[in-house]
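For reference, the structure discussed in these notes is given below.
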């Protein structure tokens, strides 16, 4: 059997990456604008008002992880599986059951958030009781976002990432615009109401994105019905070429279907809950260990702030691996459902390649330019050493996410969860051990080792599952060699670059150019990689074809 190249998977990853970059950029610009709106009214330059806006956010994210995050991925996987088997009717059953389930969970979460607002705010701190307005303002977003996540999961199951990407941009644009306008209007009444206006922007954003998805789904309704009619003629109609080994699965009915949806979603939800718990444990050990070494009070808070800021920076490249995870999971679920091991192996390798091609230079670049990058984002260079240590986490974080998508797409839902929990335990233990002698750099290195352990265990599991060596020398050594060339050029250029943020931006641009050229010269870029870039990718690939640098 001839295996197809899977351009749609690569294109989906690029589209999701672009959408996430746009939404992150809007988010970065949003908070300073809102702080300026609060500044004349709170007497603290906007810090008090902006702080109140963030009080409900953590609780909101925790509730959301139970009402939609894991279920969204579960829908995508099960829909992709049923569509690959030619069972469009089964795919619709999965979606309708999941939609009903997520609507119910979202409604319960929204009602609990609204009516429990005073108690939740008091539990966080008696000093932020005024944030109860924000909890109530955000409550409807829990229902809307849960329903929205179901529709995103449906289209991801169709292996169409553009609807999710567009809905993310629509959600963020409306959220930013509505939130800023409502803050400006309500802060004149009181600062807490202004903060609630900021939080209410989430409701408008989720509503706008949901309306977009509903319109899109209504337009696609006829096409989906035609697919269902074709499916009635036999699974081969939608499945395309004959599979290597057909895998027959009878889709359960009633409560058993809900049980299967939960079985797929629960492990992913567990990871969503483990991450904040891991960060809480991390904070506990960092503060206690620093206190044992004589660093207490404001000094300890400053050190922990530098560490968390550095972690936020190293998570920026993970935008790519998150997109790869989202795109590869349904693609592999479809291949696995049909027993197409060769196709699954190809797509998994493509996911690995994208992760190494972008993860290795991101790690090297952040390490080489750590003080400048920290100053560029936060306005002061004090966190440079922390970021330099935390930079070693970039590739492990990205690889852990990508390999989790591969395993979950192939049906090993629990394996990456188990490995992540083991990695988290290693991280917490090393944080307690290394923070004393090495300070926050030790905690940063512990993060790299913890995610590295989880990624390595995932890699071993994938090797066992797909039965053939997945990692190739060129996949690792070519981007590594190009990244070393990039770091060498940056070291030579640094004395000649202008001081300040302008010099940092020039260094980033120069590093990207050197890495790209070195990778092309080494034959590390394939034509399909370039052609998958939305809009101008095919034309760029045609131009580079003339240079004979593409493989």
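The values are calculated or read from the model by the stated rules, or taken from the named source; none is laboratory data. Computed from a predicted structure; not experimentally measured. With ideal geometry, Cβ positions are generated from the backbone for all residues, glycine too; neighbour counts draw on all protein chains shown.
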Meets criteria (in contact with a helix residue (DSSP H, G or I) (Cβ under 7 Å, 6 or more places away or on another chain), more than 30 Å from residue 304 (Cα to Cα) and surrounded by 14 or more Cβ atoms within 10 Å (Cβ to Cβ)) for residue 430: no
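Collect the residues in region 466-489 that are in a helix (DSSP H, G or I), without any contact (Cβ under 8 Å) to a residue 24 or more places away in the chain and in contact with a helix residue (DSSP H, G or I) (Cβ under 9 Å, 6 or more places away or on another chain), keeping them in residue-number order.
488
Going by what's in this entry, would residue 361 be described as free of Cβ contacts under 8 Å to residues at least 60 places away in the same chain and in contact with a helix residue (DSSP H, G or I) (Cβ under 6 Å, 6 or more places away or on another chain)?
Details: free of Cβ contacts under 8 Å to residues at least 60 places away in the same chain: no; in contact with a helix residue (DSSP H, G or I) (Cβ under 6 Å, 6 or more places away or on another chain): yes.
So residue 361 fails the test.
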Selection from region 147-161 of residues that are at pLDDT below 95, closer than 21 Å to residue 27 by Cβ and assigned to a helix (DSSP H, G or I): 149, 152
Positions within region 177-201 being over 13 Å from residue 49 (Cβ atoms) and buried (at least 21 other Cβ atoms within 10 Å of the Cβ), in sequence order: 200, 201
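Can you name the residue in region 408-420 that is surrounded by fewer than 24 Cβ atoms within 10 Å (Cβ to Cβ) and within 18 Å of the chain's Cα centre (by Cα) and is also farthest from residue 309 (Cα to Cα) among such residues? Talk me through it step by step, then tell me what you get.
Of all residues in region 408-420, those surrounded by fewer than 24 Cβ atoms within 10 Å (Cβ to Cβ) come to 410-415, 417-419.
Next cut, within 18 Å of the chain's Cα centre (by Cα) only: 413, 417.
On the way: 413: 31, 417: 26 Å.
Step by step, filter region 408-420, then rank; the result is 413.
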Criterion (in contact with a helix residue (DSSP H, G or I) (Cβ under 9 Å, 6 or more places away or on another chain) and either surrounded by fewer than 24 Cβ atoms within 10 Å (Cβ to Cβ) or part of a loop (DSSP other than H, G, I, E, B) (or both)) met by exactly one of 71, 101, 78: 101
Every residue from region 490-504 that is surrounded by 15 or more Cβ atoms within 10 Å (Cβ to Cβ) and part of a helix (DSSP H, G or I): 490, 493, 503, 504
Region 410-426, subset part of a helix (DSSP H, G or I) and at pLDDT below 90, residue farthest from residue 449 (Cα to Cα): 414
Any hit, region 209-218, residues being more than 30 Å from residue 178 (Cβ to Cβ) and either surrounded by fewer than 17 Cβ atoms within 10 Å (Cβ to Cβ) or modelled with pLDDT under 60 (or both): no
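Quick grid of which residues meet (1) over 12 Å from residue 396 (Cα atoms); (2) touching a residue at least 12 places away in the same chain (Cβ under 8 Å):
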| site | (1), (2) |
| --- | --- |
| 420 | no, yes |
| 424 | yes, yes |
| 428 | yes, yes |
| 434 | yes, yes |
| 439 | yes, yes |
| 452 | no, yes |
| 456 | no, no |
| 464 | yes, no |
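Can you tell me which residue among 288, 345 is modelled with pLDDT of 85 or more, farther than 25 Å from residue 165 by Cα and either in contact with a helix residue (DSSP H, G or I) (Cβ under 9 Å, 6 or more places away or on another chain) or not in a helix (DSSP H, G or I) (or both)?
Working: 288 fails: modelled with pLDDT of 85 or more.
Among 288, 345, only 345 is modelled with pLDDT of 85 or more, farther than 25 Å from residue 165 by Cα and either in contact with a helix residue (DSSP H, G or I) (Cβ under 9 Å, 6 or more places away or on another chain) or not in a helix (DSSP H, G or I) (or both).
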